[in-house]
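The values are calculated or read from the model by the stated rules, or taken from the named source; none is laboratory data. Here the structure is a predicted model, which is why all the values come from computation and not from measurement. We place every Cβ from the backbone using ideal geometry, glycine too, and count neighbours over all the protein chains shown.
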C-alpha cells in the first residue's frame, strides 16, 4: 500500500475511532454471537465511513477465519441490478458477511439518482424476503447513508420487518466545540448579575480613587462594574474589577456579607476564564466566611460554586459531594429556588458520570420546583437541561421536544439569551441526528440573537458550532472561517476553553485539507490552552498530536 | 469490564434465543400470546368455524408484518390435527412470483399443484394416479391442444416455468381466459380425487381435509407495477371468490390485511391483532392479561436462570424487562428487537437501566423521522382510536397499510376492532403536531 493510502486509512481510523464507539461494538458483538441469517442495516455518513467499516469488519471476521464478500455497487445502475446479483450470489462457505454498500449523502450531487436506485432495488428485494432468508445462512449488510432507513422502511416493508439490527456510525473525532450549553444552574451569584453600565460605574469609581476613607464606596462601585462587565461577557474586565473590589473590601474590613458577595462573583469570573484552581480558592474562602458569619444561604451558594469548579475540572464525584451539602442546607432553610438550582447542578454532574437516569430525575425535580414557585426562568432552564440529559442518552427526539418547550418559555418571558441557548442546543440535536442543514438554520438564528443581546460567550460557541456543521459537511474552508471568528471572540472575552476548542477544531479542519504543518501548529496551541485550564480534553489532543507528528515524520 | 467466558456464553445463548423466525409446532419458545383472556384468538375462531362447517369452507387469515402469521398457521394445523383433520400446507411463493399480477387461472393451477405436492410430502400422494402437474401438462397439451408439448414438461419444469417465465404465465392466462369454467372443473376433480385418496388411506371417520395456502399476502408487485399487481389481487377476491372455494376441502388463504378496507363486503378476515397491553380508554389503563402473556414470552425465551442473571432478579415480572415490554406495542417482533438491542449492548451483568434505555432509544430511532402529514393522521388515530381512513382510495389505503405494516399503527380486536399508535412514537407524533399547530397561522375569518 502506498504511503499516501496508508496515511489516509490512519486518518480515517482516527476520525472514527471505531473501537471507542458503542454502536460499532454492538455490531461486532452481533457477528460474534449470531449464527445463521441476519439482516443488518449500517448507516454511515459517507463513502469513507463505509470503507473504514468494511475494512475493520474484514479484519474482525478474519480473526475467526471468515471473510467478507462484497457485491460491488459503483454506480446507480449496478445498485438497480442488486436483487438479481444477490439471489445469484454463491458466497464461499467461510463467508461471514455479504456486504452491499452504496453511500451517497443527501447533500451529494448524485443523491436523487442513488435514492431512486435504492428504492428500485429494495422494492424488488422486498418480494424476495423469504427466498433470501432461506438462501443465506449468514449476515447480509446493507450499507447506506442515513436516509437509507426511511427508504427501506417505505419501499421494502417485508424486508424491513425482519431486520436484525440497525447500526449508525459517525466520526468519533468530532469538533470539540460541539458542546451543549447548560441552560441553568451553572454558577451562582448571591444576587442577580447587574445589567448596569460598567463604564459609568468605573467612571464614578475613578472619582473616589484618591479620596481617603472612601475605600468601601469605591469597592462597591468596582463590584458593580464587575457585574456590568459580567453581564456583557467581558470576563477579563469583570475579573479585574472584582479582584480590586475584594482587595479593597478586605483591606477596609468590609462587612463579611459584602466580601462574600464579591468572592462568589470573582469565583465565577475565574471559572469562565478557565482558572478553576483560582475559582476553587475563592469559593473555599467563601465557604469559610459564610460559616463564620452563619450565613447559611451564602454557605450553600459557595458550596454549590465549589462543586461547579470541581465539575469543570472533570471531578464530577467531588462536585456531587459539594452539591449534596448545598442541597441539605437549602432544604433546611426552605430555599426552594436554591434547591432547584442544586438539582440542576446535580443533574449535570450525573450526566458527566454517564448516569443519565439519575440526571433526568434531578432535572425533573428542578422542573417541579420551578413550576411550584412560579419561576419561569428556572422552568425554562430545567426543561433545557432535561433536553441535554436526553440528548446525552441518545434520545435526540425527546431532547428536541424539551428544547422546544424551553424555547417557548424563553420567548414568552422575553429571555433573549435563553432563547439563543435553546436555539443553539436545538441545532446541536439536529446535527447529532445527521440533519446538518437544519442544524445550521438553528445556529444562524442563535447567532442573530447572541449578536443582538451582546452574549459574546454564546456568540463564540455558536460560531464554533457553525464551523463544526460545515466541517461535517466536508466544507473545511468555511469551517475554518467560523472557527477563526470564534477564536477572535473567545480570546477577546478571555474564554480559554472556547479558545482551545476553536484552535483544536481548526486543526482538525486543516488536517482535512491536508495541511499537516498548520494543523499541528494549531493543535499545539490548543493543547497549551487545554493544559493551562486542566481540561480533561488535553489528553485526547496530546495523543492525537503525537500521532500526527509521527505520521508527519514517517512521510 | 470484559465478560468472563461464562458470561459471554450467556450473552451468546440469549442472543440466539431471540432469533426472529417462524416457530414450528412444539417449539419451546412458542408463547400462546393470542390465547389469553379478553383477546380474540383468530386461530380458535377459524378452528371453530371449520369444525362447525360441514365438509368445506373458505377462511381468510391475515396479520400485519411481524405478527407471526406463519407460526399461528402452524398452531391451527396442530390443533386441527389433534381433532383428526388432515391438514396440508402450501407456500404460494414456491409457485407464484409475488412481483407479478395474479389471475384466477394462475391461482387455480397453483392451488392444485401445491395441493398435489403437499399430498406427496405428507406421504399421501401415492394413490395410483398422476400428480397434478402431469395432469395439467396433459390438459394443456392434449385436452385443450393449446400448448406445444415441447414447451412444458410435468413437475419441476412446469412449476419453474410458471414462476419464472412471465411470458408463459401470460400465454396461459390468455389461452385459459375463456376456459375458466373448464379449468375450475379440472381443478375441482383433482381435489376431489385427492380427498378420496386420503379417505381411502385414513378411513371414512376423519373429520375433513384442510388446506393452508400461505404467503398469498406477499403478492404486491414492485415499484413499477405495484398498482396493477394489487388491482389483480383485489379483482381475484372481489370477482372470483366463488371459484376459490374447493369442494371437500376447508381452504385457508392468508390474505393481505388491506383487503378488509378495499373489499368491505368480503367474508370475514381473521386478522391477528396486536397483543393488548392497555384498554381502549383515555388513560390506556393496563390490561393485565396482555402483560402476563408478553412477560411469559420473555421469560420463556430467556429461561428462568438466564433471566435472573440478565435482569438481576427473578421473572417473569421484573421492572427492567417491563420497561421493554411497555414499549413493544404488543408486537413480539418489536419486543424481540428491543431485547436483542439490550443483549448486544450489555457490558456487565445484570443489565443496567441505562442499557435498557439505550436499547429503547435505538429501536425508537428505527421509526424516525415521521413526516408531518403522517404525524397528523397518526395523531388523529390516537385520539379517535379508529383507522380514521379518509377514503377507501388507493392512496389512503396504501398509507394506512404502510402504517400497520411498519407498526406505526396497532390493530386490536377484542369484540370490537380498534386502533392505536405505537408507544415508541406517541411523544414524537404529539410533538410534531404541536409544533405544526404553533406554526400554522389562524384561518382568516
>> So, in the range A:106-127, exactly how many residues are at pLDDT below 85 and crowded, with 23+ Cβ neighbours inside 10 Å?
In response: 1
> Mind checking whether some residue in the range B:258-277 is touching a residue at least 40 places away in the same chain (Cβ under 8 Å), over 19 Å from the mean Cα position of the chain (by Cα) and either crowded, with 17+ Cβ neighbours inside 10 Å or within 14 Å of chain A (Cβ to nearest Cβ) (or both)?
Replying inline: yes
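Does residue B:233 satisfy being at pLDDT 85 or above, assigned to a helix (DSSP H, G or I) and buried (at least 18 other Cβ atoms within 10 Å of the Cβ)?
Considered against the rule, which asks whether it is at pLDDT 85 or above, assigned to a helix (DSSP H, G or I) and buried (at least 18 other Cβ atoms within 10 Å of the Cβ), residue B:233 comes out as yes.
Restricting attention to the range A:171-184, does a residue exist that is at pLDDT 65 or above, within 14 Å of chain B (Cβ to nearest Cβ) and either within 30 Å of the chain's Cα centre (by Cα) or outside any loop (DSSP other than H, G, I, E, B) (or both)? First the steps, then the outcome.
Within the range A:171-184, the subset at pLDDT 65 or above is A:171.
Going one step further and asking which of them are within 14 Å of chain B (Cβ to nearest Cβ), we end up with none.
Checked against the condition, which is being at pLDDT 65 or above, within 14 Å of chain B (Cβ to nearest Cβ) and either within 30 Å of the chain's Cα centre (by Cα) or outside any loop (DSSP other than H, G, I, E, B) (or both), the range A:171-184 yields no hits at all.
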> Right, residue A:57: under 30 Å from residue A:516 (Cβ atoms), away from chain B (no Cβ under 14 Å), touching a strand residue (DSSP E or B) at 6+ places or on another chain (Cβ under 8 Å) and not in a strand (DSSP E or B) or not?
Replying inline: yes
> Are any residues in the range A:302-324 touching a helix residue (DSSP H, G or I) at 6+ places or on another chain (Cβ under 7 Å) and either touching a residue at least 40 places away in the same chain (Cβ under 8 Å) or in a loop (DSSP other than H, G, I, E, B) (or both), and if so, which ones?
Replying inline: A:302, A:304, A:305, A:307, A:308, A:309, A:311, A:312, A:313
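With the condition kept exactly as written, say whether any residue in the range B:217-230 is in the same structural domain as residue B:137 (by TED's automatic domain parsing) and over 30 Å from residue B:391 (Cβ atoms).
Step one: of the range B:217-230, the residues in the same structural domain as residue B:137 (by TED's automatic domain parsing) are B:217-230.
Checking which are over 30 Å from residue B:391 (Cβ atoms) leaves us with none.
Checked the range B:217-230: no residue is in the same structural domain as residue B:137 (by TED's automatic domain parsing) and over 30 Å from residue B:391 (Cβ atoms).
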> Can you pull out the residues in the range B:72-89 that are surrounded by fewer than 22 Cβ atoms within 10 Å (Cβ to Cβ) and within 16 Å of the chain's Cα centre (by Cα)?
Replying inline: B:75, B:77, B:89
>> Under 7 Å between Cβ atoms, which residue pairs at least 6 apart in sequence (or on different chains) link something in the range B:13-34 that is more than 9 Å from chain A (Cβ to nearest Cβ) and free of Cβ contacts under 8 Å to residues at least 24 places away in the same chain with a partner that is surrounded by 15 or more Cβ atoms within 10 Å (Cβ to Cβ) and not in a loop (DSSP other than H, G, I, E, B)?
In response: none
>> Among the residues of the range A:499-508, what is the count of those that are in contact (Cβ under 8 Å) with a residue 60 or more places away in the chain and more than 13 Å from residue A:531 (Cα to Cα)?
In response: 3
>> I'm checking my understanding of the structure. Among residues of the range B:199-230 that are exposed (fewer than 15 other Cβ atoms within 10 Å of the Cβ) and outside any loop (DSSP other than H, G, I, E, B), which one is farthest from the other protein chains (Cβ to nearest Cβ)?
In response: B:200
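Does residue B:196 satisfy the criteria of being modelled with pLDDT of 85 or more, part of a helix (DSSP H, G or I) and over 23 Å from residue B:73 (Cα atoms)?
Numbers: modelled with pLDDT of 85 or more: no; part of a helix (DSSP H, G or I): yes; over 23 Å from residue B:73 (Cα atoms): yes.
No, not satisfied.
Does the range A:134-156 hold any residues that are part of a loop (DSSP other than H, G, I, E, B) and either within 34 Å of the chain's Cα centre (by Cα) or within 11 Å of chain B (Cβ to nearest Cβ) (or both), and which are they? I'd like the intermediate steps shown before the answer.
Residues of the range A:134-156 part of a loop (DSSP other than H, G, I, E, B): A:136-138, A:145-147, A:156.
Of everything in the range A:134-156, those that are part of a loop (DSSP other than H, G, I, E, B) and either within 34 Å of the chain's Cα centre (by Cα) or within 11 Å of chain B (Cβ to nearest Cβ) (or both) turn out to be A:145, A:146, A:147, A:156.
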>> Restricting to the range B:381-397, give me the number of residues that are buried (at least 17 other Cβ atoms within 10 Å of the Cβ) and assigned to a helix (DSSP H, G or I).
In response: 3
> Across the range A:16-31, what is the total count of residues that are in contact (Cβ under 8 Å) with a residue 40 or more places away in the chain and touching a helix residue (DSSP H, G or I) at 6+ places or on another chain (Cβ under 8 Å)?
Replying inline: 7
> Considering the range B:98-125 alone, what residues qualify as being within 14 Å of chain A (Cβ to nearest Cβ) and either out of contact with any helix residue (DSSP H, G or I) (no Cβ under 8 Å at 6 or more places or on another chain) or under 19 Å from residue B:244 (Cβ atoms) (or both)?
Replying inline: B:98, B:100, B:101, B:102
> In the range B:347-356, what count of residues is obtained for those that are in contact (Cβ under 8 Å) with a residue 24 or more places away in the chain and within 9 Å of another protein chain (Cβ to nearest Cβ)?
Replying inline: 2
> Taking the range A:77-113 on its own, how many of its residues are under 20 Å from residue A:54 (Cα atoms), part of a helix (DSSP H, G or I) and more than 14 Å from every other protein chain (Cβ to nearest Cβ)?
Replying inline: 3
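Looking at the structure I just gave you, is residue A:394 touching a residue at least 60 places away in the same chain (Cβ under 8 Å) and closer than 24 Å to residue B:357 by Cα?
no
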>> Quick test of your reading of the structure: residue B:70 fulfils all but one of (1) modelled with pLDDT under 90; (2) in contact with a helix residue (DSSP H, G or I) (Cβ under 8 Å, 6 or more places away or on another chain); (3) closer than 28 Å to residue A:129 by Cβ. Name the failing condition by number.
In response: (2)
>> Restricting to the range B:360-378, give me the number of residues that are more than 10 Å from chain A (Cβ to nearest Cβ) and buried (at least 17 other Cβ atoms within 10 Å of the Cβ).
In response: 4
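Among the residues of the range B:199-216, write down those that are at pLDDT 85 or above and in contact with a strand residue (DSSP E or B) (Cβ under 7 Å, 6 or more places away or on another chain).
Quick first cut of the range B:199-216, residues at pLDDT 85 or above only: B:207-216.
Within the range B:199-216, B:208, B:209, B:210, B:211, B:212, B:213, B:214, B:215, B:216 meet the criteria.
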